[in-house]
Amino acid sequence: MNGQPAAEVSQEFASSVSQVTADKGIRVAGYFLDVLPTLLVLFVAWIPIIGLMLAGLILLPYWLLRDVTGASLWKILLGLKVMGKDGQPATAGARILRNVPLIFGPACALIPFLGYIFAGPVAFIVTLVEGTMLLSQGERLGDRLAKTTVIRK
């Protein structure tokens, strides 16, 4: 048994068996539920001149840090968790890295005046790419970058 005690080997086997990759449908549902709070922030964007930049300041950390504890609020409610592809818990750095593609839209919103032109289209393109990859390949671009996956608990 590779020099490992039987208890360690059986524990490794049990943990690998209990981790079931979340299906695409539940992951898409989780993403759209994560989007709901951001819709409230869009009202801030209507404030003349500085509104979009304020919205970007709120949305950038929201998207970047939403999984920093291991799962966003909606992932927790849906029984999902971000894990490393190696079966180990994902590090905080990996959980942040997996969300980097999602901050390009809010980052564009921080650019005075040009944010009004670029933030929406960039956010749309990122969402389209991430969604297409999730539905076609079962993982987002962010998951590939960070070597993470989402499992059912």
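Every residue, every condition in (1) out of contact with any helix residue (DSSP H, G or I) (no Cβ under 8 Å at 6 or more places or on another chain); (2) at pLDDT 95 or above; (3) farther than 25 Å from Leu52 by Cβ, yes or no:
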| site | (1), (2), (3) |
| --- | --- |
| Leu102 | no, yes, no |
| Pro106 | no, yes, no |
| Val122 | no, yes, no |
| Val126 | no, yes, no |
| Glu130 | no, no, no |
| Met133 | no, no, yes |
| Ser136 | yes, no, yes |
| Ala146 | no, yes, yes |
- Residue match in the range 52-59 (condition: touching a Phe, Trp or Tyr at 6+ places or on another chain (Cβ under 8 Å) and either at pLDDT 95 or above or over 16 Å from Thr21 (Cα atoms) (or both)): yes
- Given the residues Leu36, Leu78, which is the only one that is at pLDDT 90 or above and surrounded by fewer than 18 Cβ atoms within 10 Å (Cβ to Cβ)? Leu36
- Single residue of Asp86, Asp67 found to be at negative phi, over 12 Å from the mean Cα position of the chain (by Cα) and in a loop (DSSP other than H, G, I, E, B): Asp86
- Query: So which residues in the range 113-138 are in contact (Cβ under 8 Å) with a residue 60 or more places away in the chain and surrounded by fewer than 17 Cβ atoms within 10 Å (Cβ to Cβ)?
  - Reply: Tyr116, Gly131, Leu135, Gly138
- Item | Number of the condition not met by Ile103 [criteria: (1) over 21 Å from Gln19 (Cα atoms); (2) exposed (fewer than 15 other Cβ atoms within 10 Å of the Cβ); (3) β-branched (Val, Ile, Thr)] | (2)
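With Phe118, Phe113 as the choices, which residue is more than 22 Å from Pro37 (Cβ to Cβ), out of contact with any Lys or Arg (no Cβ under 8 Å at 6 or more places or on another chain) and assigned to a helix (DSSP H, G or I)?
Among Phe118, Phe113, only Phe118 is more than 22 Å from Pro37 (Cβ to Cβ), out of contact with any Lys or Arg (no Cβ under 8 Å at 6 or more places or on another chain) and assigned to a helix (DSSP H, G or I).
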- Task: Filter the range 139-153 for residues that are without any contact (Cβ under 8 Å) to a residue 12 or more places away in the chain and acidic (Asp, Glu) and give the result.
- Result: Glu139
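The values are calculated or read from the model by the stated rules, or taken from the named source; none is laboratory data. If you're wondering where the values come from, they're calculated on a predicted model, not measured in any experiment. Heads up, the Cβs are rebuilt from the backbone with ideal geometry, glycines too, and the neighbour counts pull from every protein chain shown.
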